[in-house]
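Bear in mind that the values in this text are calculations on the coordinates, not laboratory data. The shown structure was predicted, so the numbers you read here are calculated from the model rather than taken from an experiment. Using ideal geometry, Cβ is built from the backbone for each residue, glycine included, and neighbour counts are taken over all protein chains shown.
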Amino acid sequence: MSNKQSVAPPNIPGRADPHSGMAQCSITKKWFPEDELVTFQGQLVCAEGKQILLDRLQTGALAPNEFVRPGVWRRIGCIFFIDGILLGAVGLVLDYPFGITLGTPVADPTLISRRIIASILGLAVVILYFGLLHGWKGQSLGKMVGNLRVINMDGTPISKPKAFARALTYTFGNVLFVLTLLIGLLSKNIALIGWGSGLAGVWELTDCIMALADTRMQRSLHDRICRTRVIWLNG
């Protein structure tokens, strides 16, 4: 067998030697003809290795190369206390030139056009923030502090288009609110703004509940839609 070895596809842990037709089981570390190995749970394994993986899954143990989900409070802290506070502060700064403060009534008739512009601008900043940073290295500033990263389900980095799609899905509650805010302000239908706020809350609550309910991967609604997950790099 040749001493030269090449690496298997990035999303299938294990080694393969194309010159000899042999490949290494990622569990037992034994070498076999490639046609005797199968991909199971993201691993390149032999029959023995497959059984080992099945036993580990039944006991709830982590398989080799399996990514570790972050703790609930770690993820919440990164989202709300770092990214949330940062983006909230940016929003206040963006509102200030339009004469909008925390005490300004939403339906103030003298500020309708300014409120619309400020809302669209604020939403754009949030989408750009998460889209650019996640597309760059899979981490917002909050995730950098918490040592978290967004990846595809096969473990590969997310692309820039997917990062922006995920940012749009994550902020979809805000998108609903801004849309109803625009329609409500232009039509002077304040009740519609309340409906938009309620829909946004339902979306965000569902997003959080789905993440908490997924005790293995902690995938939220926007993760499931975009086929991504968040992992803890210190695991």
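Which residue pairs have Cβ atoms closer than 8 Å, lie 6 or more positions apart in sequence or on different chains, and pair a first residue in the range 110-128 that is without any contact (Cβ under 8 Å) to a residue 40 or more places away in the chain with a second residue that is among the aromatic types (F, W, Y) and part of a helix (DSSP H, G or I)?
L111/F98; R114/F98; I117/F98; A118/F98
One line per residue, one yes/no per condition, for (1) surrounded by 14 or more Cβ atoms within 10 Å (Cβ to Cβ); (2) farther than 25 Å from G135 by Cα:
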position: L168; (1), (2): yes, no
position: V178; (1), (2): yes, no
position: L181; (1), (2): yes, yes
position: L185; (1), (2): yes, yes
position: N189; (1), (2): yes, yes
position: G194; (1), (2): no, yes
position: Q218; (1), (2): yes, no
position: L221; (1), (2): yes, no
position: C226; (1), (2): yes, no
